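Structure, as structure tokens:
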Amino acid sequence: MRSEVNRTPVFTVEGSKTLTNGLPIDLESKSYSFDEVLDIVGFGRTTLHIFIASSMVMMAVLNETMGISIIIPASQCDLSLSSTDKGILTGVSFAGIIVSSHFWGYMADTKGRRSTLIVSLLLTALCALVSGLSINFTMMAVTRFLVGVFISAPSATVFAYLGEFFKTVNRTMVITYASVAVGLSAVFTATTGWYLLSFEWSLALPFTDLMLRPWRFLFFVYTLPTLIGAFWLMALPESPKFYLSRGRESEAFAILVRLYLENHPNTTANDFPVKYITPEPGQKDRSVPSSSSGGFYHIASSVWNQTVPLFKRPNLGNFIICCAVQFGLFVVSAGMGLWFPDIINRLTTSNATDVTVCEALDASLMSDAAAFLEDERITVAATCNDNVNEQVFIYAITLGGLYTALYLAMSVLMRKVGRKCLVASNLFLSGFSGIALQFVDNPVAMVALFCAFLVFAGTSISVLNGTTVSIFPTNVRAMAVCLSLMMGRLGSVFGSNLVGLIMEQNCTFTFLFFASGSIICAILTLFLPS
């Protein structure tokens, strides 16, 4: 509903009586909510480009963080990697994401979504390409840590950027559609890895002792979506909602008018009916941008002031729930997911029949213990083998296909059942699948339930990100997404280490504990706004 301008605070064009394009301000005009403005602007070519570019960025994030798990086995001989080295390289990117999330949330909320995305993507691509030229473990670890530091920004900011071009009621659904790129990323990394690593070739780089081999080239291939996303964003506008939140009304109106003219051929700027925009509830007027001077104290104070609103009402309760649920989702989908290939491999190669998953794993562990120790001793003296088992690619492609299909299904169902009900249902299904896994003795049913256990939890992450974008004010939105995802990354580290510590000692408890986590998260989501 529209409201009279003299009855509510409004955003108008900053510092002038007319828009830069000549559109006059009528003091008797109505004030529109931002959702009403988006209805007037409509959907067009630029909005579609924003959607596709954001999907490309989501794909880039998964490529840079998960693609390394395919490259590490192929690079172990050239870099002389031990088992400990490989474990560090698998998780070092997540460490970079965790330590930098707060900083990037501050940058996105104060300097802009688009500029933060472009800078961080270009720096990510640079570090990723350098990591492909690593000559030892130390160089690889440092460059992959920096990849994590810089990819932390787009991993969260892209949700705020994309969501702010769509109405509140549609944001979560649009973000879920875009998240199909997450499943496609798994298919892309596995397919290209399977193809490129099947070749045996080497090329000496001029003026160096470095040999370019397929695994190094694979780094460059995985970085393509990162570069494409960065350059594509350069041709796209900043979020007008961000400009409004920073008191830069004239720039926001200029973007909105541009989109309106593009989506409505044969119209002029004078046909754009919006002169005033009502601030969202809880949104403070920031007509005077904060100074960039003042040294370290000023910056620290600015970061603090940007973070504090999340820990005050009405944001506090929702923020705690979002962080707790993100932690739980990553514990299940990423923590247990990192062990998926190994567990499935043990299930499918186990000679035991008519047994449950834990009975099969226990039998496999006991029968393989002596052989494993012997293999470790032989591997030290034997010729290094950097071939990657084809099953790794098959599992990754299968999971990627399941993620893609479920994201598409969720995008359709969300219109009918709502985001809160959908996330809760997903997580209940994930939890019940994990519990049921303990009682089936059919190998096919085991694999199906294990996949459902992981995928239903994993797809809920993007829906929760969309929910976070919708329920927090613009001025702290990116910070909320970044910090909640930081908790999620901590959950992935916690979950993967927990599986390694307790799976062999108590398999049943492990699955029940993780399944209970999904159910607890399902209950918590019911307390979020619809």
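Conditions (1) surrounded by 24 or more Cβ atoms within 10 Å (Cβ to Cβ); (2) among the β-branched types (V, I, T); (3) modelled with pLDDT of 90 or more; (4) closer than 18 Å to N475 by Cβ, marked per residue:
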position	(1), (2), (3), (4)
R213	no, no, no, no
V221	no, yes, yes, no
I228	no, yes, yes, no
F231	no, no, yes, no
P237	no, no, yes, no
F242	yes, no, no, yes
E251	no, no, no, yes
N263	no, no, no, no
Qualifying residue in the stretch 451-474 (condition: within 30 Å of R248 (Cβ to Cβ), in contact with an Asp or Glu (Cβ under 7 Å, 6 or more places away or on another chain) and in a helix (DSSP H, G or I)): yes
Lone qualifier among L129, L121 - being outside any loop (DSSP other than H, G, I, E, B), of a type in the set (A, V, I, L, M, F, W, C) and under 16 Å from the mean Cα position of the chain (by Cα): L121
Any hit, the stretch 125-140, residues being open to solvent by 50 Å² or more (accessible area, probe 1.4 Å), of a type in the set (S, T, N, Q) and farther than 14 Å from M234 by Cα: yes
Residue selected from the stretch 193-211 under the condition part of a helix (DSSP H, G or I) and open to solvent by less than 50 Å² (accessible area, probe 1.4 Å), by the criterion nearest to S54 (Cα to Cα): G193
Residue count for the stretch 140-172, restricted to those that are out of contact with any helix residue (DSSP H, G or I) (no Cβ under 8 Å at 6 or more places or on another chain) and modelled with pLDDT of 90 or more: 1
Candidates L48, L62, L38, filtered to the one that is modelled with pLDDT of 85 or more, part of a helix (DSSP H, G or I) and surrounded by fewer than 12 Cβ atoms within 10 Å (Cβ to Cβ): L48
Flag for F453 being modelled with pLDDT of 80 or more, in contact with a Ser or Thr (Cβ under 7 Å, 6 or more places away or on another chain), farther than 21 Å from T172 by Cα and crowded, with 21+ Cβ neighbours inside 10 Å: yes
Complete set of residues in the stretch 405-450 that are aromatic (F, W, Y) and open to solvent by less than 20 Å² (accessible area, probe 1.4 Å): Y407, F450
Flag if F145 is in contact (Cβ under 8 Å) with a residue 40 or more places away in the chain and open to solvent by 60 Å² or more (accessible area, probe 1.4 Å): yes
Breaking point among (1) at pLDDT 80 or above; (2) open to solvent by less than 50 Å² (accessible area, probe 1.4 Å); (3) under 32 Å from the mean Cα position of the chain (by Cα), for P279: (1)
Yes/no for T176 being open to solvent by less than 30 Å² (accessible area, probe 1.4 Å), of a type in the set (S, T, Y) and under 14 Å from the mean Cα position of the chain (by Cα): yes
Residue in the stretch 500-512 that is touching a Gly at 6+ places or on another chain (Cβ under 9 Å), assigned to a helix (DSSP H, G or I), aliphatic (A, V, I, L, M) and open to solvent by less than 10 Å² (accessible area, probe 1.4 Å) present: no
The stretch 374-397, subset within 30 Å of G458 (Cα to Cα) and open to solvent by 70 Å² or more (accessible area, probe 1.4 Å), residue modelled with the highest pLDDT: I394
Yes/no for I118 being modelled with pLDDT under 90 and not aromatic (F, W, Y): no
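Tell me, please, whether a residue that is free of Cβ contacts under 8 Å to residues at least 40 places away in the same chain and open to solvent by 10 Å² or more (accessible area, probe 1.4 Å) can be found in the stretch 151-164.
No, that holds for no residue.
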Counted residues, the stretch 468-482 - those being open to solvent by 10 Å² or more (accessible area, probe 1.4 Å) and either of a type in the set (V, I, T) or in contact with a Gly (Cβ under 6 Å, 6 or more places away or on another chain) (or both): 2
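The values are calculated or read from the model by the stated rules, or taken from the named source; none is laboratory data. Note that this is a predicted model, so its numbers are computed, not measured. Glycine gets a Cβ as well: all are built from the backbone with ideal geometry, and neighbour counts include every protein chain shown. We work out accessible area using only protein heavy atoms, side chains counted, and drop any ligands, DNA or RNA first. Shrake-Rupley method; radii C 1.70, N 1.55, O 1.52, S 1.80 Å.
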